[in-house]
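This report concerns only the one structure given below.
Values in this text are rule-based calculations from the coordinates and carry no lab data. Please read all numbers here as calculations on a predicted model, not as lab measurements. In this analysis, Cβ positions are derived from the backbone assuming ideal geometry, glycine residues included, and neighbour counts consider all displayed protein chains.
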Amino acid sequence: MTNHKNKTNFSALLYAVLLFSFSACSVNKAKLDNSLKRYFDSSKVEGCFTMINNSDGQVTVYNMNLDTSRFSPASTFQIVNSLIALETGIVSDENMLIKWDGIVREDSSCNKDMNITQAFQSNCVPFYQEVARRMGKDTLQRWVDSLSYGNKNITGSVDSFWLNNNLTISPDEQLGLLKRLYFDQLPFRKSVQQSVRDMMIKEDNTAYKLSYQTGLAHDRLHHSIGWLIGWIEENRHVYFFVTMIQSSDPAIDMEKKRIDITKGILKQYGFFEGKK
C-alpha cells in the first residue's frame, strides 16, 4: 500500500515537472515585429503582443522585455478559477447560481444572482472572490502549483491574490496556458476544459471564431494594466495571442484600448476575412 502511494506521489510530481516544462512558449526562436509599435503609440500606452501560429509553431513578439516580465493576471485568472471550481465541484455546473450578497456595486452586472458563465462573461470579480473563499487556499495552492502558474504566489487574502500583485504571470506564460487549454492538455477533465473554452467565445461567424478573456489591474507603481488573452480560429487553423498594455494615465479607457489594439494587429495580420 505504501509503495503504491509512493508511486502515485512520484507520478504526480513528474506530471507537475512536465507541465512546468511546457508552461510557456519558447521565445528563443521568436520573430520580432516592431511594426506593431504604432498601435501602442497611437493609443498612448506601453505594452506587448505575442502570438503563436499553431500550424508551424512560429512565435511572433512585439516588445520582448514586457513579454517575459510578470504582472498581476487580474481577471484573466478567472480562466483558472473556473477550471478549478468546476473540476472540484465547488461550482457543480455552468447553471449553478451563486446568490448575490446584496451589496450594491458600481458594476451593476454583478448586482444579481449569477452562474459561472454569466460571471465569466461579465468579469464579475465578486462572484469569483466568493468562489475562491469556498475553495479555500489549500485547494487553490495545489492547483496553482500543479499548473506552474506564473510565480505561484497566492499569499495574502484568498479572495484577492490574483488582483493585488502577489500572484504574477508573464504574457509568454499566459500564451502557454492558452495553448494547453485549447488542446485539453491541462490536468482537468476534458468536459471542464470545454466548458471554459465555451465561456471564452466572443465572436463566432462563418469567417472566424474569436475567443478571449480580459483583465484590468494596477501594478505596484499604480499604473493601469490591461490584458486580452485568447485565440482566433480560421479555416480550422488556430492562432493563440496575448495583448498586455500599461499606462500611468488614471483616466485611460483601458477596456477600449486593449480590444482596439488587439483587433488592429489581427487585422494587419490578415484575420477576420476567413482567408488564413
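Based on alpha-carbon centroids, what's the gap between segment 51-124 and segment 181-197 in Å, whole number please?
When both Cα centres are located, 14 Å separates them.
Ignoring solvent entirely, what values of log10 I(q)/I(0) come out of the Debye formula for segment 49-113 at 0.12, 0.13 Å⁻¹ when each Cα is a single scatterer?
Treating every Cα as an identical point scatterer, log10 I(q)/I(0) equals -0.60, -0.67.
List ARG189, ARG70 from most exposed to least, where exposure is judged by having the fewest other Cβ atoms within 10 Å.
ARG189, ARG70
Hey, fewest Cβ within 10 Å first, where do TRP162, TRP231 land in order?
With the fewest neighbours first, TRP162, TRP231 line up as TRP231, TRP162.
On the Cα set of segment 209-276, report Rg and Dmax in Å, please.
When restricted to the Cα atoms of segment 209-276, Rg and Dmax are 13.6, 43 Å.
Show log10 I(q)/I(0) for segment 140-200 at q = 0.15, 0.19, 0.22, 0.29 Å⁻¹, two decimals, from a solvent-free Debye sum over equal Cα scatterers.
-0.50, -0.78, -0.98, -1.18
R0 = 41 Å: FRET efficiency of ARG134 with LYS37, Cβ-based, nearest 0.05?
0.40
Too long at a 30 Å Cα-Cα cut-off: which of LYS152/LYS267; LYS37/LYS137; LYS137/LYS179; LYS37/LYS112; LYS99/LYS263; LYS37/LYS179?
Beyond 30 Å between Cα atoms: LYS152/LYS267; LYS37/LYS137; LYS37/LYS112; LYS99/LYS263.
Can you tell me the length gained on complete extension of the stretch LYS190 to SER248, counting 0.36 nm per residue apart and subtracting the Cα distance?
Fully extending the segment from LYS190 to SER248 adds 16.8 nm.
Restricting to DSSP H runs of at least four residues, report the calculated mean residue ellipticity at 222 nm for the chain, -39500 (n - 2.57) per run over all residues, nearest 500 deg cm²/dmol.
That comes out to -11500 deg cm²/dmol.
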